[in-house]
Amino acid sequence: MTGEPWLEHNLTHEEYLKILDLMKREPNHLELALFGVMWSEHCGYKNSKAHLKKLPTKGPAVLQGPGENAGVVDLGDGLAVAFKMESHNHPSAIEPYQGAATGVGGIIRDVFAMGARPIASLDSLRFGDLTLPKTRRLLHGVVAGIGGYGNCIGIPTVGGEAFFHPSFNGNPLVNAMCLGLLRSDRIFKGQAAGLGNSVMLVGARTGRDGVKGASFASEELSADDPDKRPNVQVGDPFMEKLLLEALLEILDQDLVVGLQDLGAAGLTSASVEMAGRAGNGLRLDLEKVPLRETGLAPWEIMLSESQERTLLVIEPAKVPEVMAIFAKWDLLAVPVGEVTAGGDFEIRLNGETLARVPASFLTEEVPIYNRESQEPAYYAERKKADLTAINAYADFGDLLTKLLGSPNLCSRAFIYEQYDFMVGLNTVIRPGGDGALLRLPNSSKGLAIAVDGDSRKVFLDPYLGAAHSVAEAALNVAVTGARPLALTNCLNFGNPEDPEIYWQFTKATDGLAKAALELETPVTGGNVSFYNERDGEAIYPTPTIGVVGLLTDLSRRLTHEFKAPEDLAFLLGESLEELGASEAHYFLTGRDEGPVPSLNLGHVKNLCRLLETLAAEGLLQSAHDCSLGGLAVALAESALAGKLGLTAKWSGPISPGAAYFGESAGRVVVTLTPANRAPFLDFCARYALPVTELGVVGGDNLDLTYNDKTIKVSLEILRKAYYDSLAILAAL
Amino acid sequence: MKAAVVVFPGSNCDQDCRRSLLATIGVEADLVWHKESQLPNYDFVILPGGFSYGDYLRCGAIARFSPVMAEVARLAKRGSLVLGVCNGFQILLEASLLPGALLKNHGLKYICRDVRLRVETANSPFTSLYAKHSLLTIPISHGEGSYSASPKDLQRLKDEDRVAFRYATDDGTVDFNAAPNGSIEAIAGILNEKRNVLGLMPHPERLAEPELGGTDGRPLFEAVFQALGGLS
């Protein structure tokens, strides 16, 4: 081979030598392309695998851990939930509508590839400074894209989060999560089992869109991005709706041996992974692949990321039945290959072999890098900070009002009202509070879900910040009364070849592992997104955590809004003198600094169990997680949602700024009827949780007095700030 | 009564409508595939919400050519009750079973939220259990729900008391600002001349069970049930 062709496939010289060593010959161009995508970070996790091994993946409820299209967790009564989260950051940076839309489409296919009917999606979004026109354009495009896909296919988008920070100016984050229901005894896998079985490609035709998308995801963004638009796929939710219905129909009729979504690296990744998992070989006959246009080269067919396609392994005798069902839905279902003995992945065109590589070379022999890691200077420097700004602010009522109208704390209605969050008739707790809650068919149970990340805290302290993110997502599920069961994640970082970025990644995965273990929420899968940089500027590291939980009795669910006058408000958990890494400090100073609040994971776990017990006992009227913005913001949110004020007076040893706006971890605001006061306090004591009585619900004001510092603001003023802001801030 | 929910490719509220009928009035509706060209004489037919054919063209513009639509027209003529919700309403307009058109929301964005509706007439088999001018909370979820009609059609609708629902504010005011999508005269739903075909953008099936946050949609199905003589 002349030149250094491996470079154009994003392979290093050393990696090429390893390929030569494995193959005992020079690979041809097509074979090299296969290695290029399968060994990319996106498909092969070569930079992350060494650390992903640290994550706890087993638990009593886990039916399927990492490695399949999605994780699966048992819900009892023969029912299970399949769920996964994935990033679509780079495509969304370049073409926000299609980038976000196809992110949703891809994660939905991952879920139905397990044999599950998708029932809900969530989205975790991060954008740059909202005052920049580019940020607003991205926000509009991404939200419209998520809605365009989810609304059309009829899967409700029930929750999510959005965060704005200049570190995302050049590289937004779009993480989509999907959940689906399936029978716990009928989990389908992406395995090419059964020699001689037919490999069928179903759904859309293959075109040139998204060719090399996986490699593109494994590079940094730069100024020539517009040229990369052909790397972005185009979504067709209508096609996917038909594909979903047809697939569920053939699954119902037991016609399927294995199935696999075509996502990153398209036909290559799907077929190689299916063969690899089963330990079999697989042959593709490219002339049989239905094409959208003529003249596609074999490598283009193999690397196309055209959407809405799925690969099936079907027993030969059942192929006609499968074709008939797809025909009913006006869809193509074409045998394009066969499961073979020997373990080779072979690509043929009109009988001629174009590539032949043992599948295990592509899946098992991916080089694993535990890269150089170095603590960045900022880590120690930013801990030493002047945190007096909040306490120096004279009018806390004014500060609260301004915070509630700020990009990171104002109502997300502008976003979620563009999503159909009700279709399917299962959404019991809608977006706007903490976690979402779905009812389960023919059951009194509920499924709670939340996604969370905390970019600022992870940046300042990756270990602690990642653990905070897990705790926060778990608490958002627990405040509905549900027990957190398991989690999925999306790990968004900069370039792993930079030792300081790799240090962030290493520390964050340590923190994630620790928190998942302590909170008994094993990791059932996830996704790593590196190279989130533009022109050398990395994003704030952001592990996004999606937690699912089970509520045994839907009628005992808790929501965040204040319910009735005369109810008593309490704070569960402890407020400390912790002003570092807070939204309020950032709002006032523009600086992310100070020590990240401490985190007692044992305490958070107790808090989760206490909430579950209090909900089951019917002792609470409302529960709301206290996080970004601190206690004052949490109280205002519950008051606004319930259209009821609060009069509270309490005291403590910390400064008023910390009491109102500090972000101490593991705190929840609850309200209860006066009659339940004694049993409530009794349960808190049993779980050894500190509890502070705040005051009484009612009236039209938020009237708070901590020591002698007061906040008195009318709900009308807060309402205007909270509900109207995002649409105004985001106006094009 | 015999009920059917029509399934177009891309319908996504078909199962919801079926489930809601079962939950509210205990009726098990048949799901009817859009390629059917002969239907039994159903008493009640729902064209559900969704994105028929992806709605990549004008909403409902392709679905109206589905074979089943001739049968829907036949049943409407025969006096069966026909309800079009959201995309179903769009299809009824495209099929000329109701007058007017639905345009893109005036804010150009998709909107999913609970809205207030004022019942404009109790004189129909769908609205007979609501008091005239009572206020309901029912969700909308659409990108193209801004109702429009020619001045002549609009006048007729009003003269013949065929505006079934209008959007309202929380205090019951009905004006242009009350319509989240810019609908002319805040119109949310209309009836045909014989009052047996109703099209509306809001989704009554979505707030018909307490767990989902409200039951204001329920009397619509109960009224249909009553009009059709119950389960007989």
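The values are calculated or read from the model by the stated rules, or taken from the named source; none is laboratory data. What you are looking at is a predicted structure, and each value in this text was computed from that prediction instead of being measured. Don't worry about glycine lacking a Cβ; one is built from the backbone with ideal geometry, like all the others, and counts go over all protein chains shown. Just the protein is used for accessible areas: all its heavy atoms, side chains included, with ligands, DNA and RNA removed. Shrake-Rupley method; radii C 1.70, N 1.55, O 1.52, S 1.80 Å.
Considering only the stretch A:601-716, give the helices (runs of 4 or more DSSP H) lying wholly within it that have at least 1 residues that are over 34 Å from the mean Cα position of the chain (by Cα) and among the aromatic types (Phe, Trp, Tyr). Lay out the reasoning, then the answer.
Details: elements: A:601-616, A:630-642, A:656-661, A:677-686.
Because the criterion is at least 1 residues that are over 34 Å from the mean Cα position of the chain (by Cα) and among the aromatic types (Phe, Trp, Tyr), the helices (runs of 4 or more DSSP H) in the stretch A:601-716 that meet it are A:677-686.
Inspect the stretch A:123-140 for any residue being surrounded by fewer than 24 Cβ atoms within 10 Å (Cβ to Cβ), farther than 16 Å from B:Lys109 by Cβ, within 12 Å of chain B (Cβ to nearest Cβ) and among the charged types (D, E, K, R) and give the result as yes or no.
no
Among the residues of the stretch A:607-637, write down those that are of a type in the set (Gly, Ala, Ser) and touching a Gly at 6+ places or on another chain (Cβ under 9 Å).
Filtering the stretch A:607-637 down to residues of a type in the set (Gly, Ala, Ser) leaves A:615-616, A:618, A:622-623, A:627, A:629-630, A:632, A:634, A:636.
Selection gives A:Ala615, A:Ala616, A:Ser622, A:Ala623, A:Gly630, A:Ala636.
Give the residue that is nearest to the other protein chains (Cβ to nearest Cβ), with candidates limited to residues of the stretch A:395-449 that are buried (at least 21 other Cβ atoms within 10 Å of the Cβ) and on the phi > 0 side of the Ramachandran plot.
A:Leu425
Looking for whichever is under 15 Å from the mean Cα position of the chain (by Cα), modelled with pLDDT of 95 or more and within 14 Å of chain A (Cβ to nearest Cβ) here; the options are B:Cys59, B:Cys17. Which one fits? Break it down into steps so the answer makes sense when it comes.
On the way: B:Cys59 fails: modelled with pLDDT of 95 or more.
The conditions single out B:Cys17.
All but one of (1) of a type in the set (S, T, N, Q); (2) open to solvent by 40 Å² or more (accessible area, probe 1.4 Å); (3) over 22 Å from A:Thr401 (Cα atoms) hold for A:Thr647; which doesn't?
So A:Thr647 meets the others, but not (3).
Pairs under 7 Å by beta carbon, first residue within 10 Å of B:Leu198 (Cβ to Cβ) and assigned to a loop (DSSP other than H, G, I, E, B) in the stretch B:85-100, partner aliphatic (A, V, I, L, M) and modelled with pLDDT of 95 or more, six or more apart or different chains?
Qualifying pairs under 7 Å: B:Leu98/B:Leu92; B:Leu98/B:Ile190; B:Leu98/B:Val197.
Run A:Leu255 past the list (1) within 14 Å of chain B (Cβ to nearest Cβ); (2) open to solvent by less than 30 Å² (accessible area, probe 1.4 Å); (3) in a loop (DSSP other than H, G, I, E, B) and report the number of the one that doesn't hold.
Tallying (1) within 14 Å of chain B (Cβ to nearest Cβ); (2) open to solvent by less than 30 Å² (accessible area, probe 1.4 Å); (3) in a loop (DSSP other than H, G, I, E, B), A:Leu255 fails exactly one: (1).
Answer yes or no as to whether B:Leu39 is in contact (Cβ under 8 Å) with a residue 24 or more places away in the chain, within 16 Å of the chain's Cα centre (by Cα) and more than 26 Å from A:Thr427 (Cα to Cα). Spell out how you get there, then give the answer.
Details: in contact (Cβ under 8 Å) with a residue 24 or more places away in the chain: yes; within 16 Å of the chain's Cα centre (by Cα): no; more than 26 Å from A:Thr427 (Cα to Cα): yes.
Answer is no for this residue.
Of the numbered conditions (1) surrounded by 21 or more Cβ atoms within 10 Å (Cβ to Cβ); (2) among the polar types (S, T, N, Q); (3) at pLDDT 95 or above, A:Asn169 fails exactly one; give the number of that condition.
With respect to (1) surrounded by 21 or more Cβ atoms within 10 Å (Cβ to Cβ); (2) among the polar types (S, T, N, Q); (3) at pLDDT 95 or above, A:Asn169 is out only on (1).
Do the conditions hold for B:Glu222, that is, is it touching a residue at least 12 places away in the same chain (Cβ under 8 Å) and more than 16 Å from B:Pro99 (Cα to Cα)?
Values: touching a residue at least 12 places away in the same chain (Cβ under 8 Å): yes; more than 16 Å from B:Pro99 (Cα to Cα): yes.
Considered against the rule, which asks whether it is touching a residue at least 12 places away in the same chain (Cβ under 8 Å) and more than 16 Å from B:Pro99 (Cα to Cα), B:Glu222 comes out as yes.
Return yes or no: is B:Met1 modelled with pLDDT under 95, more than 14 Å from every other protein chain (Cβ to nearest Cβ) and open to solvent by less than 60 Å² (accessible area, probe 1.4 Å)? Write out each step before concluding.
Working: modelled with pLDDT under 95: yes; more than 14 Å from every other protein chain (Cβ to nearest Cβ): yes; open to solvent by less than 60 Å² (accessible area, probe 1.4 Å): yes.
Judged against the criteria, B:Met1 is a match.
Just checking: which of the strands (runs of 3 or more DSSP E) contained wholly in the stretch A:52-108 hold 1 or more residues that are surrounded by fewer than 24 Cβ atoms within 10 Å (Cβ to Cβ) and aromatic (Phe, Trp, Tyr)?
Values: elements: A:62-64, A:71-76, A:79-87.
It comes to none.
Which one of A:Arg557, A:Arg591 is closer than 17 Å to A:Ala450 by Cβ and open to solvent by 40 Å² or more (accessible area, probe 1.4 Å)?
Details: A:Arg591 fails: closer than 17 Å to A:Ala450 by Cβ.
When all the criteria are applied, what remains is A:Arg557.
For A:Val174, all conditions in the list (1) within 14 Å of chain B (Cβ to nearest Cβ); (2) at pLDDT 95 or above hold save one; what is the number of the exception?
It fails just one condition, (1).
Do you know which residues across the stretch B:208-226 are small (Gly, Ala, Ser) and more than 10 Å from chain A (Cβ to nearest Cβ)?
Here is the first cut: in the stretch B:208-226, the residues small (Gly, Ala, Ser) are B:208, B:213-214, B:217, B:223.
Hits for the stretch B:208-226 are B:Gly214, B:Gly217, B:Ala223.
Which of the residues that make up the stretch B:186-232 are open to solvent by 50 Å² or more (accessible area, probe 1.4 Å), acidic (Asp, Glu) and closer than 21 Å to A:Ser444 by Cβ?
Listed by number, the list holds a single entry, B:Glu211.
Open to solvent by less than 10 Å² (accessible area, probe 1.4 Å) and within 14 Å of chain B (Cβ to nearest Cβ), is that true of A:Thr480? Write out each step before concluding.
On the way: open to solvent by less than 10 Å² (accessible area, probe 1.4 Å): yes; within 14 Å of chain B (Cβ to nearest Cβ): yes.
When the stated conditions are applied, A:Thr480 passes them.
On the basis of being without any contact (Cβ under 8 Å) to a residue 40 or more places away in the chain and assigned to a loop (DSSP other than H, G, I, E, B), does A:Gly295 make the cut?
It is true that A:Gly295 is without any contact (Cβ under 8 Å) to a residue 40 or more places away in the chain and assigned to a loop (DSSP other than H, G, I, E, B).
Tell me, which residue of the stretch B:35-56 that is touching a strand residue (DSSP E or B) at 6+ places or on another chain (Cβ under 7 Å) and either among the polar types (S, T, N, Q) or open to solvent by 40 Å² or more (accessible area, probe 1.4 Å) (or both) is nearest to the other protein chains (Cβ to nearest Cβ)?
B:Ser52
Kindly provide the set of residues from the stretch A:232-252 that are open to solvent by 10 Å² or more (accessible area, probe 1.4 Å), acidic (Asp, Glu) and either part of a helix (DSSP H, G or I) or at pLDDT below 90 (or both), ordered by number.
Result: A:Glu245, A:Glu249, A:Asp252.
Restricting to the stretch B:101-136, name every residue that is surrounded by fewer than 21 Cβ atoms within 10 Å (Cβ to Cβ), within 14 Å of chain A (Cβ to nearest Cβ) and without any contact (Cβ under 8 Å) to a residue 60 or more places away in the chain.
The answer is B:Lys104, B:Leu108, B:Lys109.
Kindly indicate whether B:Arg78 is within 14 Å of another protein chain (Cβ to nearest Cβ), open to solvent by 10 Å² or more (accessible area, probe 1.4 Å) and at pLDDT 95 or above.
On the way: within 14 Å of another protein chain (Cβ to nearest Cβ): no; open to solvent by 10 Å² or more (accessible area, probe 1.4 Å): yes; at pLDDT 95 or above: yes.
It is false that B:Arg78 is within 14 Å of another protein chain (Cβ to nearest Cβ), open to solvent by 10 Å² or more (accessible area, probe 1.4 Å) and at pLDDT 95 or above.
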